[in-house]
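First comes the structure, then the notes that go with it.
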Amino acid sequence: MEMREVRVGLLAELDDPGCREFTIGDGDWPFMGFVVRQGGDVYAYQNYCMHVGHPLNWAPDSFLTKDRSAIICASHGALYDIRSGECFAGPCPGKLLRRVGVEVRDGVVYVTGPASL
């Protein structure tokens with residue numbers, strides 16, 4: 001599987017907490033994901049609900065609950081821990097979002113993941 005690094009954006013441009021979507025690769029089946037900033041930490045996950053397998057969000061960059069304390073699936077309300085990606089409430093408790101490599105270098109967020117699904 002081919003892995004690629006992509007630039008997501010400046011850390012300073014992400015709300016705390018806040019999210020931003022990214023895509024790795026192109027064609028019919030690019031890898032879709034998102035990063036979440038919480039304090040000085042950044043986490044990256046595949047944009048894929050572990051309950052039914054579709055994207056977590058309905059609106060661009062919208063992955064957090066209203067109080068911004070957890071990741072939420074817009075369809076069925078599954079709640080995922082920001083730090084671990086574990087579902088702790090809703091229809092898929094104990095399942096984990098797929099993590100993607102993330103690094104902040106010189107104030108820029110980069111992710112590394114598969115070039116396609």
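Read-outs throughout are calculated quantities, based only on the coordinates presented, and are distinct from any laboratory measurement. Just so it is clear, the model here is predicted, and its values are computed rather than measured. Quick reminder, even Gly has a Cβ in these numbers, built from the backbone with ideal geometry, and neighbours come from all protein chains shown.
Largest GNM mean-square fluctuation among 30, 60, 17, using the chain with Cα springs under 10 Å: 60.
For the stretch 3-111, averaging the sequence separation of C-alpha pairs within contact (under 8 Å, six or more residues apart) and dividing by the residue count gives a relative contact order of 26 percent.
When 52, 104, 8 are sorted by how many other C-beta atoms sit within 10 angstrom of their C-beta, beginning with the fewest, the order is 52, 104, 8.
Taking the chain on its own, what percent of its Cα-Cα pair distances exceed 17 Å? Percentage above 17 Å: 51.
Residue order for 31, 63, 88, fewest other beta carbons within 10 angstrom first, comes to 88, 31, 63. Taken over the stretch 51-100, the ratio of Cα radius of gyration to 2.2 N^0.38 Å equals 1.01. Using 0.36 nm per residue and subtracting the Cα-Cα separation, the extra length available between residue 61 and residue 3 on full extension is 18.6 nm. Extension gain, residue 41 to residue 95: 0.36 nm times the residue separation minus the Cα-Cα distance gives 17.2 nm.
For the pair residue 54 and residue 108, what calculated FRET efficiency results from E = 1/(1 + (r/R0)^6), where r is the Cβ-Cβ distance and R0 = 35 Å, to the nearest 0.05? Efficiency computed from Cβ-Cβ geometry: 0.75. For the pair residue 10 and residue 23 in one chain, pulling the backbone fully straight at 0.36 nm per residue adds 3.1 nm over the alpha carbon distance.
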